[in-house]
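Asker: Below you'll find the structure I mean.
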Amino acid sequence: MQKNYDLIVIGAGPAGLAAAIYAARGSLSTLVVDESSAGGQVKTTHQVANYPGFIEPISGYELAGNMRKQAERYGAAFDLAIEITGLSLSGQQKFVEVDGEKIGAKNIILATGSSPRLLDAPGEQEFKGNGISYCATCDGDFYKGKDVVVVGGGNSAMEESLLLLQYVNSITVIHQFDVLQAEKVTADKMLANPKVSFLWSHEPRKFERVNDKMRVVAENLKTKEMVSIERDGVFVFIGLKPNTGLFEKTSLQLSEHGYLLTNDKMETNLPGVYAVGDVRAKQYRQITTAVSDGTIAALEIIRKG
Amino acid sequence: MLSTNLTTIQSKEELADLIAKNEKVAVCCGRMGPMCIPVYDIFEVFQEKYPDIVFRNMDFDSPDAAVIRNLPECRLFNGLPFTVYYRNGKVVKATSSIQTSKQVKDIITEVLE
């Protein structure tokens, strides 16, 4: 027999969990599904210092865990580490297919968040964790005294690079522009560091392994010339992208940058379908703004009955 | 120290005993970092979905974790966590860095089912 809920929340980050807490407390039968686990990006944040109510910083892992437990306490059901195999958002009754099982809902909240952007260059997947990394904290000490490439020139790239400099012998930054996008104070530290060199206006096109080294083939975006450099490893920090792949076959409206468009009640263009958190087009992406989005969507659904 | 809801292997002897006594064992060896936590969480969920598989984690920096760090299957790994799947006492698969639940599920289907 098919399961039916008042609300299915797709995505168990802070936005989805806040929505689940409010909805479950508002007596809506609520299911939270996520292809990963509960907590979203917050769960992997070492310490959260700016979430109101906590005088001392709280670990992201603990904060995310508490949010989930709070939602469960009010009756929200969870189905995590699943695969969403189908989605039907048009019509009054919506459907989410979870690991092949069709589940119905009157309302859907999309809270799928965002993920680190990949270069999608040949070799990137093949050498992930084996020459290509996405986290200086995690993998920096594998490259002690070695020479690495950092791809990116924004805040995250430069902050992670400063951390990497504690381990590595040198960093070659490959950046698509001819200036850094990072905040001036961070950018200046990198520009002044003698261990750092820059390959401006270049983009990696291919990664290969040559003996123990990684070869990066990069294109000069101005001259179209290809250059090859060989280093011990590559770190990629090129920002985030909204997780909207699931909605490609729907008629949901997206912004020019690929985020879901909503009004101030978090309603998308499809009736009964809401979008909250980092996947939504908006200016500020914080835990607090994600929680706010989730709250508004849940209250709006409760108000409409 | 790994503060997760998974049981953490404390010693190489415990790991040896575990893989000797259980046909299917999966161990995620890492730190409390952004690439490791998602894999621990997937293991936590899969503990219920796959009761015949023993899921554990292990602190990458503990001296005894050398038994995983030095595995031939992990020789080229440069990304945490190192995740190792054992069947009948032998390593049947090892992965480096973050994995999605689908990737972990596919590996289980491939080597542990």
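Asker: Report, in degrees rounded to the nearest 10, the 0 to 90 angle that the Cα long axis of helix A:60-73 makes with the longest principal axis of chain A.
Answerer: Once rounded, one gets 10 degrees.
Asker: How big is the charge dipole of the range B:12-113 about its Cα centre, in debye rounded to the nearest 20, if each Lys and Arg gets +1 on its Cβ and each Asp and Glu gets -1 on its Cβ?
Answerer: Dipole of the range B:12-113, to the nearest 20 debye: 280 debye.
Asker: With 26 Å as the limit, write out which pairs from A:195/A:241; A:43/B:49; A:144/A:222; A:146/A:222 have Cα-Cα distances beyond it, or answer none.
Answerer: Among A:195/A:241; A:43/B:49; A:144/A:222; A:146/A:222, the Cα-Cα distance tops 26 Å for A:195/A:241; A:144/A:222; A:146/A:222.
Asker: Based on the mean of other Cβ atoms within 10 Å per residue, sort peptides A:15-28, A:56-69 so the most packed one is first.
Answerer: Put in order of decreasing packing, that is A:15-28, A:56-69.
Asker: Under a Cβ-Cβ limit of 4.7 Å, which cysteines in the protein assembly as shown have nobody to pair with?
Answerer: For the protein assembly as shown, the answer is B:28, B:29, B:36, B:74, because their Cβ atoms have no other cysteine Cβ under 4.7 Å.
Asker: Out of all DSSP beta bridges with both ends in the protein assembly as shown, state the antiparallel percent to the nearest 5.
Answerer: Here the antiparallel bridges make up roughly 50 percent for the protein assembly as shown.
Asker: Given points 7 Å out from each Cα along the Cα-Cβ axis, report the residue A:73 to residue B:10 separation in nanometres with one decimal.
Answerer: Result for the modelled spin labels: 3.1 nm.
Asker: Follow-up question, since we're still on this one. By what distance, in whole Å, do the Cα atoms of the range A:35-131 stretch along each of the three principal axes, largest value first?
Answerer: Rounded to whole Å, the extents work out to 45, 44, 19 Å.
Asker: Label residue A:220 and residue A:54 with points 7 Å out from Cα along Cα→Cβ: what is the distance between them in nm?
Answerer: A separation of 4.8 nm, rounded to one decimal place.
Asker: Just for the range A:105-229, what percent of DSSP beta bridges are antiparallel, to the closest 5?
Answerer: Here the antiparallel bridges make up roughly 55 percent for the range A:105-229.
Asker: Can you work out the Karplus-derived ³J(HN,Hα) for every residue in the range B:77-88? Use 6.51 cos²θ - 1.76 cosθ + 1.60 with θ = phi - 60°, whole Hz, and x for glycine or proline.
Answerer: Calculated HN-Hα couplings, in order: 6, 9, x, 7, x, 8, 10, 10, 10, 10, 9, 6 Hz.
Asker: Let me ask something additional. What residues have an amide H closer than 5 Å to that of residue A:4, excluding those fewer than 5 places away on the same chain, when H is modeled at 1.01 Å from N in the peptide plane?
Answerer: Hits under the 5 Å cutoff: A:104.
Asker: Taking every residue in A:53-66, how many Cβ atoms of other protein chains lie within 10 Å of its Cβ, on average?
Answerer: For this peptide, the per-residue mean of nearby foreign Cβ atoms is 1.
Asker: Going by the alpha-carbon gyration tensor, a ≥ b ≥ c the square roots of its eigenvalues, is the protein assembly as shown rounded (a/c under 1.5) or, if a/c is not under 1.5, prolate (a/b greater than b/c) versus oblate?
Answerer: Here the protein assembly as shown falls in the oblate category.
Asker: Over the whole of B:30-41, what's the average partner chain Cβ count within 10 Å per residue? Rounded to a whole number, please.
Answerer: Mean shielding count: 6.
Asker: What does DSSP give for the range A:148-305 in terms of the percent of beta bridges that are antiparallel, rounded to the nearest 5?
Answerer: The answer is about 55 percent antiparallel.
Asker: The range A:194-265 to the range B:76-111: how many Å between their Cα centroids?
Answerer: 26 Å
Asker: Still on this model: Could you derive backbone 3J(HN,Hα) for the range A:155-163 from the dihedral phi with the Karplus parameters 6.51, -1.76 and 1.60 (θ = phi - 60°), listing whole Hz in sequence and x where the residue is Gly or Pro?
Answerer: Going residue by residue, I get 4, 5, 4, 6, 5, 5, 5, 4, 5 Hz, with x marking Gly and Pro.
Asker: Just want the answer: with Cβ charges of +1 for Lys and Arg and -1 for Asp and Glu, which residue in B:30, A:152, A:130 is farthest toward the dipole's positive end in the protein assembly as shown?
Answerer: Sorting the options by dipole projection puts first A:152.
Asker: So how strong a dipole does the protein assembly as shown carry about its Cα centre when Lys and Arg Cβ are +1 and Asp and Glu Cβ are -1, to the nearest 20 debye?
Answerer: Dipole magnitude for the protein assembly as shown comes out near 400 debye.
Asker: Can you give the mean number of other chain Cβ atoms that lie within 10 Å of the Cβ atoms in peptide B:97-106?
Answerer: Average neighbour count from other chains, rounded to a whole number: 4.
Any read-out appearing in this document is the output of simple, stated calculations on the displayed coordinates, not a laboratory observation. Source: prediction; values computed, not measured. For neighbour counting, all protein chains shown are included, and Cβ atoms are generated from backbone atoms with ideal geometry for every residue, glycine included.
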